1. Which distance in nm do the two modelled labels at D42 and E75 give, with both placed 7 Å along the Cα-to-Cβ direction?
2. Would you mind checking K100/K129; K46/K67; K104/K129; K104/K128 for any pair whose Cα atoms are more than 29 angstrom apart?
3. K100 to E114: extension gain in nm, 0.36 nm per residue of separation minus the Cα-Cα distance?
4. With θ set to phi - 60°, apply the Karplus curve 6.51 cos²θ - 1.76 cosθ + 1.60 along the range 120-128 and write out the HN-Hα couplings as whole Hz, x wherever there is a Gly or Pro.
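Here, each number is a calculation from the coordinates, and none is a lab measurement. All of these numbers come straight from a predicted model, not from anything done at the bench. Glycine gets a Cβ as well: all are built from the backbone with ideal geometry, and neighbour counts include every protein chain shown.
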Amino acid sequence: MKKAGISFALFFAFLMIPLFVISIDASCQSGTKLLTSTAIPDSLNKIFQNSCMPCHGSTGGFMSTSKVNFSKWNEYSPVKQAEKAAKICSMLNDGKMPPKSARKARPEIIPPKEQINEICKWAEALSKK
């Protein structure tokens, strides 16, 4: 009798486990909004390619790519993207980027104020998501 009871309990458990797992999965999916990375808009990508990616792209050095690496932008979480975008805005507004040595050697990489404003609006929009 005990063996029959144990067998029934095990049989019942094996039947119920898949239903329980499906229930958990459904509740997780219905109540959770998945956050996805945001691609850089084309208009800003052109600015970044000209002004930032020589150092902050796949060919950049360790120090600069450790701060931000545009080649890996889509690998950053949405929170990290927003943080990095805010830092980019701040560094550009403070005149810290591009660095003085790069400004001196290649003045054409300095983004004008209109482009900096466009980058900062984008950064602000990312922080609101």
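1. 2.6
2. K100/K129; K104/K129; K104/K128
3. Extending this stretch completely gives an extra 3.0 nm.
4. Each residue of the range 120-128 in turn: 5, 5, 4, 4, 5, 5, 5, 6, 8 Hz.
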